[in-house]
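Colleague: Here it is: the structure, laid out below.
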Amino acid sequence: MVTNAEVLRYLTALDFPATRDDIVAEAERAGAPNDVLRALRAMPPVDYGNIDEVSRSAHTNPNPEVTPADLAARARDRKHQRVARHLRPS
């Protein structure tokens with residue numbers, strides 16, 4: 001999964017507002033790799049007013065230090081999950 005920085009690197013010359021197709025075309029012109037193009041193509045087909053809207057909509061990993069495996073391990077860790085009061089042991 002690509003990061004926001006990797007996606008935004010290929011959109012520096014883009015003028016806004018821009019459609020998703022305009023954004024993908026600009027990334028292709030800039031020589032973006034397939035992972036970046038895939039993340040941009042997965043965005044909703046609306047008009048984007050600025051680069052911040054693109055970074056929020058692109059399917060990227062906002063925190064590259066946290067991997068999908070880390071997120072799965074946290075989900076399996078039951079000791080830190082909250083338990084409703086009526087389900088707690090007496």
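The values are calculated or read from the model by the stated rules, or taken from the named source; none is laboratory data. Computed from a prediction, not measured in an experiment: that's the story for all the values here. Glycine also receives a Cβ, built like all others from the backbone with ideal geometry; neighbour counts cover every protein chain displayed. For the accessible areas, the whole protein counts, side chains as well, though only heavy atoms, and no ligand, DNA or RNA atoms are used. Shrake-Rupley method; radii C 1.70, N 1.55, O 1.52, S 1.80 Å.
Colleague: Taking only protein heavy atoms into account and a 1.4 Å probe, give the accessible area per residue of the stretch 1-65 in Å². Show your work: numbers first, answer last.
Modeller: Numbers: 3900 Å² over 65 residues.
For the stretch 1-65, the per-residue accessible area is 60 Å².
Colleague: Return the long-range amide H neighbours of THR19 (sequence gap of 5 or more, or a different chain), with a cut-off of under 5 Å between placed amide H atoms.
Modeller: TYR48
Colleague: Let me ask something else. Would you tally the net charge around TYR48, using a Cβ to Cβ cut-off of less than 10 Å, leaving TYR48 out, and scoring K and R as +1, D and E as -1?
Modeller: That sum, taken over residues with Cβ under 10 Å, equals -2.
Colleague: Let me ask something else. Which far-off residues, 5 or more places away or on another chain, put their amide H under 5 Å from the one on THR3, with H placed in the peptide plane?
Modeller: Here ASN61 satisfy the definition.
Colleague: Enumerate the calculated ³J(HN,Hα) couplings along the stretch 4-15 in order (Karplus 6.51 cos²θ - 1.76 cosθ + 1.60, θ = phi - 60°), each rounded to whole Hz, writing x wherever the residue is Gly or Pro.
Modeller: Each residue of the stretch 4-15 in turn: 4, 4, 5, 5, 5, 4, 9, 10, 5, 9, 7, 9 Hz.
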